Amino acid sequence: MSDKQFGFQFVVENCIQCHGCEVACKSWRGVELGVRWRRVENIWEGAYPKVTCRSASVSCMHCLEPACVEACPVEAISKRASDGIVVVDRETCIGCQTCSGACPFGVPQYGGDELMQKCDTCVGERTAGTEIPPCAATCPTGALSLVMMDAPEKQAAEKEMMELVKAVKADLAVSS
């Protein structure tokens, strides 16, 4: 495994909730209706009249130690040693959804064919390390970026996103 790996960094303070990253991902890759490889989640806090809203742009974090890879009973999910990108072999996937329960970010998606799909950083659509994926390229404030990280940086990015995902889940629990 390389000393540095690709990972997404998200700066919540820079996000203006435009959903450009979500739209770019969906349209660039032709993701089917109902499936979201990247999603912008709103986190509402406070009480009237002091209500605030911040957002989290959530997709596969290409984790340092991906739980989905360990959970897959047929080894359809793997982490590339060269750059740390987590990929799915849809020819091998059996659609059991075990990875879905294992992923702390709620990333695995299932479309009409019932096979797992998710963000792969547009790895097949760009030259590794030289082009920015459409989700990050579309972000007008630089809140989202795909960068090479060492292990501590990657752990910190995963921890920050985990806190945002927990806040989203807490907000959803309150509103339902």
Next item on the list: For segment 1-53, evaluate the Debye formula with one uniform point scatterer on each Cα (no solvent term) and list log10 I(q)/I(0) at q = 0.13, 0.18 Å⁻¹, rounded to two decimals.
Entry: -0.52, -0.80
Margin query: Under the rule of at least 5 residues apart or a separate chain, name every residue whose amide H is placed under 5 Å from the amide H of Met116.
Written below: Gly95
Next item on the list: Using only Cα atoms, find the angle between the long axis of helix 151-175 and the longest principal axis of the chain, and express it within 0 to 90 degrees, rounded to the nearest 10.
Entry: 50
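Ignoring any ligand, DNA or RNA, what whole percent of the accessible area of the chain comes from carbon and sulfur when the probe is 1.4 angstrom?
On the way: 5000 of 9340 Å².
For the chain, the apolar C and S fraction of the accessible surface comes to 54 percent.
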Next item on the list: With Cα extents along the principal axes in Å defined as stated, name the option among (i) 81, 42, 28; (ii) 43, 39, 30; (iii) 52, 35, 31 computed from the structure displayed.
Entry: (iii)
Notebook entry, point to check: From the square roots a ≥ b ≥ c of the eigenvalues of the alpha-carbon gyration tensor of segment 66-164, which class results: rounded (a/c under 1.5), prolate (a/b over b/c), or oblate?
Noted result: prolate
Check: Residues with amide H under 5 Å of Met149's amide H, sequence separation 5 or more or different chain, H placed in the peptide plane at 1.01 Å from N; which?
Finding: Gln5, Phe6, Gly7
Next item on the list: In whole Hz, with x marking every Gly and Pro, tabulate ³J(HN,Hα) for segment 75-91 from phi via Karplus 6.51 cos²θ - 1.76 cosθ + 1.60, θ = phi - 60°.
Entry: 6, 7, 10, 9, 10, 5, 5, 6, 9, x, 6, 8, 10, 10, 8, 5, 6
Checklist line | Cα gyration tensor category, rounded, prolate or oblate, for segment 61-105 with a/c compared to 1.5 | finding: oblate
Margin query: What do you get for the angle between helix 20-29 and the principal long axis of the chain? Use alpha-carbon atoms, 0 to 90 degrees, nearest ten.
Written below: 30
Notebook entry, point to check: Could you state the number of Å between the C-alpha centres of segment 1-78 and segment 96-170?
Noted result: 5
Next item on the list: Please work out the average accessible area per residue across the chain, using the 1.4 Å probe convention, and give it in Å².
Entry: 53
Checklist line | 3J(HN,Hα) from dihedral phi, segment 59-73, Karplus parametrisation 6.51/-1.76/1.60, rounded to Hz, x for glycine, proline | finding: 7, 4, 8, 6, 3, 4, 10, x, 5, 5, 4, 5, 7, 5, x
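Quick one: compute the contact order of segment 36-97, relative version, from alpha carbon pairs under 8 angstrom and 6+ residues apart, as a percent.
Numbers: 71 pairs, mean separation 13.8, N = 62.
Relative contact order comes out at 22 percent.
The values are calculated or read from the model by the stated rules, or taken from the named source; none is laboratory data. Just so it is clear, the model here is predicted, and its values are computed rather than measured. For the accessible areas, the whole protein counts, side chains as well, though only heavy atoms, and no ligand, DNA or RNA atoms are used. Shrake-Rupley method; radii C 1.70, N 1.55, O 1.52, S 1.80 Å.
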